[in-house]
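K.L.:
Structure below; questions to follow.
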Amino acid sequence: MLMNGKWTADWQPVQAKDEKGGFVRQTSSFRNWVTPDGSAGPTGEGGFPAEAGRYHLYVALICPWASRTLIARKLKGLEDAVSVSVVEPALTDEGWRFGDYPGSDRDEVNGVTFLHELYTRADPTVSGRATVPVLWDRERQTIVNNESADIVRMMNSGFGALADEGIDLYPADLCGSIDALNDRIYPRLNNGVYRAGFATTQVAYDEAFGDVFGMLDELETHLETRTFLLGERLTEADIRLFVTLIRFDAAYHGLFKCNLRRVADYPNLSAYVNRILAVPGVAGTVSIDHIKRGYYSIKSLNPSGIVPLGPRLAFADLLVG
C-alpha cells in the first residue's frame, strides 16, 4: 500500500477490520466531479468541465466497482469521449499492473507500470490502497474521482450533450427508489460477499453469509414480476446489482465461501442476469477469464494461485471472453 506517497508493503486485500474481525472497505480519496459546465459537483471542487477526449478511465475487468463505470460509459455512448485502459487481472505485490495479458492494456496515457504510480502523480503524499476505477484528467494531470458510484452518475449526467440522452440511469422520478435499493443491496450483497470472503473471525463470516443469502432470497422474490429492479426501465441500481451477480458463481461462491446456493439456482435472478447481458454493449464489458484469474490471484485466499477450470456458466454463450 501507499504511505505518504511511497509504496511500503506488499498488496493486501484487508486494510482495516471492525471489532468483530469484519472487513472494512477503504474510503475513496478523490471525489471531484466532471460536470457539463465545470462547476463543482456534490463533492470536491470545480474545474472539470465535460470535454471530449479530456478524460481517461482506468479499470480492471475483475472488479465489480470498475465494471459499473464501464457499463455506464457504454450505455451512455461515451466510448469516443472517454478513453479506457484495462489493467491485468492478476494482482501483484504492488497491486494493479498494466501489461500484455489478453484483454489488458499498457498505459499509453501516462506511461506508468503500476496503478499506484497514478495516485502519487495526483497526490505525492497519498496513503492507502490504489484502487480502480480511476477517472483521470489529461489536462490537469490528476485523478478526478476514484469512487465508482460517483463515476457512474458522472457518466449518466456529467458529460451533457456528449452522452446519449435517450437513456437515463438515474431518472428524477426514481431517484428515491434507486437510492433506497442501493442502500439496502450494497452492504448486504455487493459488499457482503467481500465481508464473507475477507472475514477474519467466524462471527463476522456468519453475519456476512446470512446477509448475502438473505438479500439474494429477497431479490429472487422481488424479480418475480419485474423485468428490472424498478419495473421496465434499466437504472443504475440494476448495473450495481448485475456486476455482483455476474461474478457470483465464478468467484464468490467458491473462493469467498458464499456456497449455500449459486445464482444459477435462482430462476428469477438467472433470467434477470440474462436480460441485462442481452442489453446491447453490456456483455462486452464482462470477462470471466479476467474475473477468475483476478480473484484467484489473491494470495491470502488462494496461496497456490491455481485457477479453477469450472464452473460451467449457463450464460457463457452470451459473453465474448
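K.L.:
Tell me, yes or no, whether the range 158-167 has at least one residue that is among the charged types (D, E, K, R) and within 16 Å of Asp238 (Cα to Cα).
P.N.:
Taking the range 158-167 first, the residues among the charged types (D, E, K, R) are 164-165.
Next, only the ones that are within 16 Å of Asp238 (Cα to Cα) stay: none.
Checked the range 158-167: no residue is among the charged types (D, E, K, R) and within 16 Å of Asp238 (Cα to Cα).
K.L.:
Another question, if that's okay. Within the range 216-238, can one find any residue that is under 21 Å from the mean Cα position of the chain (by Cα) and farther than 22 Å from Ser270 by Cβ?
P.N.:
Looking through the range 216-238, none of the residues is under 21 Å from the mean Cα position of the chain (by Cα) and farther than 22 Å from Ser270 by Cβ.
K.L.:
Going through the range 77-96 one residue at a time, which ones are assigned to a strand (DSSP E or B), buried (at least 20 other Cβ atoms within 10 Å of the Cβ), of a type in the set (Val, Ile, Thr) and touching a Lys or Arg at 6+ places or on another chain (Cβ under 9 Å)?
P.N.:
The one that is assigned to a strand (DSSP E or B), buried (at least 20 other Cβ atoms within 10 Å of the Cβ), of a type in the set (Val, Ile, Thr) and touching a Lys or Arg at 6+ places or on another chain (Cβ under 9 Å): Val82.
K.L.:
State whether one or more residues within the range 169-183 are of a type in the set (Phe, Trp, Tyr), surrounded by fewer than 20 Cβ atoms within 10 Å (Cβ to Cβ) and under 23 Å from Leu245 (Cα atoms).
P.N.:
Yes, because at least one residue in the range 169-183 is of a type in the set (Phe, Trp, Tyr), surrounded by fewer than 20 Cβ atoms within 10 Å (Cβ to Cβ) and under 23 Å from Leu245 (Cα atoms).
K.L.:
Could you pull out the residue among Phe213, Phe242 that is more than 30 Å from Ser157 (Cβ to Cβ), within 22 Å of the chain's Cα centre (by Cα) and touching a residue at least 40 places away in the same chain (Cβ under 8 Å)?
P.N.:
Testing whether each residue is more than 30 Å from Ser157 (Cβ to Cβ), within 22 Å of the chain's Cα centre (by Cα) and touching a residue at least 40 places away in the same chain (Cβ under 8 Å) leaves just Phe213.
K.L.:
Does Val126 fit the bill of being at pLDDT below 95, open to solvent by less than 40 Å² (accessible area, probe 1.4 Å) and not small (Gly, Ala, Ser)?
P.N.:
Answer is yes for this residue.
K.L.:
Moving on to the next point. Take the residues in the range 218-239 that are outside any helix (DSSP H, G or I), open to solvent by 20 Å² or more (accessible area, probe 1.4 Å) and touching a helix residue (DSSP H, G or I) at 6+ places or on another chain (Cβ under 8 Å), then tell me which one is farthest from Met154 (Cα to Cα).
P.N.:
My answer is Glu224.
K.L.:
If you check Ile167, Ile246, which single one turns out to be in a helix (DSSP H, G or I) and out of contact with any His (no Cβ under 7 Å at 6 or more places or on another chain)?
P.N.:
One residue alone meets the criteria, Ile246.
K.L.:
Test Ala278 against the criterion of being farther than 24 Å from Gly103 by Cα, more than 15 Å from the chain's Cα centre (by Cα) and open to solvent by 10 Å² or more (accessible area, probe 1.4 Å), and give yes or no.
P.N.:
Criteria not met by Ala278.
K.L.:
Return the pair list, or none, for Cβ contacts closer than 9 Å from residues in the range 110-123 that are of a type outside the set (Asp, Glu) to residues that are open to solvent by 30 Å² or more (accessible area, probe 1.4 Å) and part of a helix (DSSP H, G or I), at least 6 apart or on different chains.
P.N.:
Here the result reads Asn110/Glu117; Asn110/Arg121; Val112/Arg121, each pair linking the range 110-123 to a residue that is open to solvent by 30 Å² or more (accessible area, probe 1.4 Å) and part of a helix (DSSP H, G or I).
K.L.:
Being more than 11 Å from Phe209 (Cα to Cα) and either in a helix (DSSP H, G or I) or open to solvent by less than 20 Å² (accessible area, probe 1.4 Å) (or both) is the filter here, so list the residues in the range 253-266 that pass it.
P.N.:
If the condition is that a residue be more than 11 Å from Phe209 (Cα to Cα) and either in a helix (DSSP H, G or I) or open to solvent by less than 20 Å² (accessible area, probe 1.4 Å) (or both), then Leu255, Val263, Ala264, Asp265, Tyr266 are the ones that fit.
K.L.:
Let me ask something additional. Being in contact with a strand residue (DSSP E or B) (Cβ under 7 Å, 6 or more places away or on another chain) and over 22 Å from Asp150 (Cβ atoms), is that true of even one residue in the range 199-213?
P.N.:
Scanning the range 199-213 turns up at least one residue that is in contact with a strand residue (DSSP E or B) (Cβ under 7 Å, 6 or more places away or on another chain) and over 22 Å from Asp150 (Cβ atoms).
K.L.:
Arg54 is checked against (1) basic (Lys, Arg); (2) buried (at least 24 other Cβ atoms within 10 Å of the Cβ); (3) more than 19 Å from Val286 (Cβ to Cβ) and fails just one. What number does that condition carry?
P.N.:
The single condition Arg54 does not satisfy is (2).
K.L.:
Right, next: Quickly run through the range 169-193 and pick out the residues that are touching a residue at least 24 places away in the same chain (Cβ under 8 Å) and within 18 Å of Thr35 (Cα to Cα). Outline the logic, then answer.
P.N.:
Initially, the range 169-193 is screened for residues touching a residue at least 24 places away in the same chain (Cβ under 8 Å), giving 169-171, 174, 177-178, 181-182, 184-191, 193.
Within the range 169-193, Leu169, Tyr170, Pro171 meet the criteria.
K.L.:
Condition first: farther than 21 Å from Tyr194 by Cβ and either basic (Lys, Arg) or open to solvent by less than 30 Å² (accessible area, probe 1.4 Å) (or both). Can you find one or more residues in the range 282-289 that meet it?
P.N.:
Checked the range 282-289: at least one residue is farther than 21 Å from Tyr194 by Cβ and either basic (Lys, Arg) or open to solvent by less than 30 Å² (accessible area, probe 1.4 Å) (or both).
K.L.:
Out of curiosity, is Gly305 at positive phi and loosely packed, with under 14 Cβ neighbours inside 10 Å?
P.N.:
On the way: at positive phi: yes; loosely packed, with under 14 Cβ neighbours inside 10 Å: yes.
In short, yes.
K.L.:
Count, please, the residues in the range 88-103 that happen to be free of Cβ contacts under 8 Å to residues at least 60 places away in the same chain and in contact with a strand residue (DSSP E or B) (Cβ under 6 Å, 6 or more places away or on another chain).
P.N.:
Counting residues in the range 88-103 that are free of Cβ contacts under 8 Å to residues at least 60 places away in the same chain and in contact with a strand residue (DSSP E or B) (Cβ under 6 Å, 6 or more places away or on another chain) gives 2.
The values are calculated or read from the model by the stated rules, or taken from the named source; none is laboratory data. What you see is a predicted model, and the numbers here were worked out from it, not measured in a lab. Note: ideal-geometry Cβ built from the backbone for every residue, glycine included; neighbour counts use all protein chains shown. For the accessible areas, the whole protein counts, side chains as well, though only heavy atoms, and no ligand, DNA or RNA atoms are used. Shrake-Rupley method; radii C 1.70, N 1.55, O 1.52, S 1.80 Å.
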